[in-house]
Amino acid sequence: MNRQQFLLLTTGALATGCQSGGPTAGASGGAGPGRVVDAGPAEQYAADGVYEGFRSQGFFLVRNGSRLFAVSSWCTHRKCKLKAEPDHSFYCPCHGSTFDPAGHVTEGPAKRDLPVFALRTENGRLLVTLPG
Ligand code: FES
């Protein structure tokens, strides 16, 4: 193998490595872009509040009346894990950013709202699609 062949090979390997964070299947399997997380039976999220069981996987489930949504549990400032507050807002212990219950920034240094992830129910189970 000459120098040019080596460079092409390693460049190709690096390019492939950069794509390794792409789509993966969660516990439920899943198709399409992103990672699907099976959050269990949808009926367990019937009461209003913030469900923190998937915080370490990157999201909170929030029930507010008839609305159920998944919002990122990672601060948009520098990716610290957020804490859910009793009033259903979110607080970042790293630099003090706060977000309202819908994920909108209420105090910086974060400037971007929390991403909201796609939800769907399949066979009674709640599936959350996270970015790939
Ligand atoms: S990482 Fe959250 S405020 Fe800085």
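The values are calculated or read from the model by the stated rules, or taken from the named source; none is laboratory data. It should be emphasised that the depicted structure is a prediction, and the values quoted were computed from it without experimental measurement. Quick reminder, even Gly has a Cβ in these numbers, built from the backbone with ideal geometry, and neighbours come from all protein chains shown.
Here Pro115 does not qualify as near the ligand (Cβ under 9 Å from one of its atoms) and either of a type in the set (A, V, I, L, M, F, W, C) or surrounded by fewer than 16 Cβ atoms within 10 Å (Cβ to Cβ) (or both). For segment 50-80, the candidate set comprises residues that are loosely packed, with under 15 Cβ neighbours inside 10 Å and more than 23 Å from Ala110 (Cα to Cα); within that set, the residue that is nearest to the ligand (Cβ to nearest atom) is Gly53. Pairs linking a residue in segment 58-79 that is on the phi < 0 side of the Ramachandran plot and among the charged types (D, E, K, R) to a residue that is assigned to a loop (DSSP other than H, G, I, E, B) and within 16 Å of the ligand (Cβ to nearest atom), with Cβ atoms under 9 Å and 6 or more positions apart or on different chains, are Arg78/Cys92; Arg78/Cys94; Arg78/His95; Arg78/Pro109; Arg78/Ala110.
Of the residues making up segment 87-99, those that are more than 16 Å from the chain's Cα centre (by Cα), more than 16 Å from Gly65 (Cα to Cα) and assigned to a loop (DSSP other than H, G, I, E, B) are Pro93, Cys94, His95, Gly96, Ser97. If you go through segment 60-75 one residue at a time, do you hit one that is of a type outside the set (A, V, I, L, M, F, W, C), modelled with pLDDT of 95 or more and within 19 Å of Arg112 (Cα to Cα)? The answer is yes; a qualifying residue exists.
Can you name every residue in segment 103-132 that is assigned to a loop (DSSP other than H, G, I, E, B), under 17 Å from the mean Cα position of the chain (by Cα) and touching a residue at least 40 places away in the same chain (Cβ under 8 Å)? Leu114, Pro115, Pro131, Gly132 - these are the residues of segment 103-132 that are assigned to a loop (DSSP other than H, G, I, E, B), under 17 Å from the mean Cα position of the chain (by Cα) and touching a residue at least 40 places away in the same chain (Cβ under 8 Å).
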